[in-house]
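Encoded as structure tokens, the structure appears first; notes follow it.
The values are calculated or read from the model by the stated rules, or taken from the named source; none is laboratory data. Owing to the predicted nature of the structure, the values given are computational and were not obtained by experimental measurement. Every residue, glycine as well, gets a Cβ built from its backbone with ideal geometry; the counts of neighbours run over all protein chains shown.
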Amino acid sequence: MRLAAVLLLLAGEPVQFDAALQPHFTVNQIANSEAATRVGLARWASTPHGRQMIDELRSEVHVNVIEDLSEAGIGSAPQPGIATFLATSDRSKTKTFDVVLNPAYFRVPRGMTPLPHQPSTPADMMALAWAGEMLHVSFYAQGVSLPHHNRADFQSQWREVAAELGMPMLTHDDDDDRFRVTRRILVMGGPR
């Protein structure tokens, strides 16, 4: 039996989930999306946090999943516009978000062995990307705009889902904050 859950559009078609919230892909989705993206979705959806998030967002969220091999990282969830944020308190309105994934971003260099509890395949990285970007979508759906990486609840949820995926030491930080800290150190340590 296949059920509708969060409407995830992959390759232009909705992903169907079964009663255990495992995704089932169409022939088109298989032909027009990367295997790592699909395996990553299945791995994330099988975690307690993934299942809970899919269930919580079931009736009010549509996510347009875009694979973009030129994405600068493993993925992003662009902040939605103000109209979407204004609609977050109305649970009867469907909110639409984009998630961009780059399944080609991660490659283990030849001759290198990943450390234990670190991603070692593109599918590992895509499971993390799904977890991180859908966590952003969850916060957006609650009306929480960026930046939210430094929020205790965001970091707590990230650590828990990363552990569920077998990679408990991985962090999910705000690149902008790291850049500002680095820039400050360079300015303070430079010539006067």
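Annotations for the structure displayed:
- If you check Ala42, Ala31 for being free of Cβ contacts under 8 Å to residues at least 24 places away in the same chain and either surrounded by 20 or more Cβ atoms within 10 Å (Cβ to Cβ) or under 20 Å from Gly132 (Cβ atoms) (or both), only one passes: Ala42.
- Within region 70-116, restricting attention to residues that are among the polar types (S, T, N, Q) and either surrounded by 10 or more Cβ atoms within 10 Å (Cβ to Cβ) or part of a strand (DSSP E or B) (or both), the residue that is modelled with the lowest pLDDT is Thr88.
Per-residue answers, yes or no, for (1) modelled with pLDDT under 90; (2) part of a helix (DSSP H, G or I):
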| position | (1), (2) |
| --- | --- |
| Pro147 | yes, no |
| Ala162 | no, yes |
| Val181 | yes, yes |
| Arg192 | yes, no |
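- Pairs where the first residue, in region 125-136, is closer than 13 Å to Arg43 by Cα and the second is in a helix (DSSP H, G or I) and polar (S, T, N, Q), C-beta under 9 Å, 6+ apart: Met126/Thr37; Ala129/Thr37; Trp130/Thr37
- The selection criterion, being under 30 Å from Gly12 (Cβ atoms) and at pLDDT 85 or above, does not hold for His172.
- Any hit, region 123-141, residues being touching a Pro at 6+ places or on another chain (Cβ under 8 Å), over 16 Å from Ala36 (Cα atoms) and not β-branched (Val, Ile, Thr): yes
- Looking at Ala131, Ala127, just one residue is out of contact with any Lys or Arg (no Cβ under 6 Å at 6 or more places or on another chain), of a type in the set (A, V, I, L, M, F, W, C) and either modelled with pLDDT of 90 or more or part of a helix (DSSP H, G or I) (or both), and that residue is Ala131.
- For region 45-66, the set of residues classified as surrounded by fewer than 20 Cβ atoms within 10 Å (Cβ to Cβ), within 13 Å of the chain's Cα centre (by Cα) and not aliphatic (A, V, I, L, M) consists of Asn64 only.
- Helices (runs of 4 or more DSSP H) lying entirely in region 18-69 (those with 3 or more residues that are over 22 Å from Ser120 (Cα atoms) and out of contact with any strand residue (DSSP E or B) (no Cβ under 7 Å at 6 or more places or on another chain)): 27-31, 48-57
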